[in-house]
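Trainee: Let me give you the structure first, and then I'll get to my questions.
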Amino acid sequence: MANFDTYVKYIKENDEEGLETIFNKETILDGNTEFNYQPLITEGIYSDTDPKNVEILHRSLHMLSPVQASQEKFWLGMTMTYCKDYLYYRLNDELSKNKDERIKTE
């Protein structure tokens, strides 16, 4: 996996090709979990959208076991595939203010 500085650079530049070199079919395993994808809300105030997005995720992924739901790799894969718009929505302030260290923690 690429180092964080490369990852942050690709995110900041919205470089889909660069991100694809890190997150692709070879690096993100296709699991056998089927779910009803519902896009997350990516406009509005976080305090309003976060609870709604939790509900969306719960409805879509209610079948996950606690072990599956606690896997960081699972959430990274979801973020970099199905939820990339949400990633950019949540990082908007950090991206506009060049807060690279903050981006690394998201």
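The values are calculated or read from the model by the stated rules, or taken from the named source; none is laboratory data. Computed from a predicted structure; not experimentally measured. A quick note on method: Cβ atoms are made from the backbone with ideal geometry, for glycine too, and the neighbour counts reach across all protein chains shown. With ligands, DNA and RNA removed, areas are computed over all heavy atoms of the protein, side chains included. Shrake-Rupley method; radii C 1.70, N 1.55, O 1.52, S 1.80 Å.
Trainee: Order the following by accessible area, largest value first: Leu95, Leu19. Probe radius 1.4 Å; ligands, DNA and RNA are ignored. Could you put the intermediate results ahead of the total?
Mentor: Details: Leu95 40, Leu19 0 Å².
Heavy-atom accessible area, descending, gives Leu95, Leu19.
Trainee: About its Cα centre, what dipole magnitude does the chain give when the only charges are +1 on Lys and Arg Cβ and -1 on Asp and Glu Cβ, stated in debye to the nearest 20?
Mentor: Values: 12 positive and 20 negative charges, 48 e Å.
Approximately 240 debye in magnitude.
Trainee: Under the classification rounded if a/c is under 1.5, otherwise prolate if a/b is larger than b/c and oblate if not, where does the stretch 35-83 fall, given a ≥ b ≥ c as square roots of the Cα gyration tensor eigenvalues?
Mentor: Details: a/c = 1.87, a/b = 1.60, b/c = 1.17.
The shape class here is prolate.
Trainee: Say the cut-off is 21 Å between C-alpha atoms; which of Lys52/Lys97; Lys9/Lys52; Lys52/Lys84 go over it? List each step's numbers first, then the result.
Mentor: Numbers: Lys52/Lys97 27 Å; Lys9/Lys52 30 Å; Lys52/Lys84 17 Å.
In this structure, Lys52/Lys97; Lys9/Lys52 exceed 21 Å between Cα atoms.
Trainee: Computed FRET efficiency, Cβ-Cβ of Ile41 and Glu20, R0 41 Å: what is it to the nearest 0.05? Intermediate values should be presented prior to the final figure.
Mentor: Working: r = 25 Å, r/R0 = 0.62.
That pair, Ile41 with Glu20, gives E of 0.95.
Trainee: Let me ask you something else. For Trp75 and Glu13 in the same chain, what is the full-extension length gain: residue separation times 0.36 nm, less their Cα-Cα distance, in nm? Please report the intermediate quantities before stating the final value.
Mentor: Values: separation 62, 0.36 × 62 = 22.32 nm, distance 2.21 nm.
Between Trp75 and Glu13, full extension yields an extra 20.1 nm.
Trainee: If you don't mind, another one. Which value, in Å² rounded to 10, gives the accessible area of Asp48 with a 1.4 Å probe and all protein chains present?
Mentor: The accessible area comes out at roughly 80 Å².
Trainee: Going by a ≥ b ≥ c, the root eigenvalues of the Cα gyration tensor, does the chain fall in the rounded group (a/c under 1.5), the prolate group (a/b larger than b/c) or the oblate group? All intermediate terms of the calculation are to be shown ahead of the outcome.
Mentor: Values: a/c = 2.03, a/b = 1.20, b/c = 1.69.
Because a/c hits 1.5 or more and a/b fails to exceed b/c, the chain counts as oblate.
Trainee: Write down the accessible area per residue of the chain in Å², having rolled a 1.4 Å probe over the full set of protein chains. Spell out each step's value before the answer.
Mentor: Numbers: 7670 Å² over 106 residues.
Here the per-residue accessible area is 72 Å².
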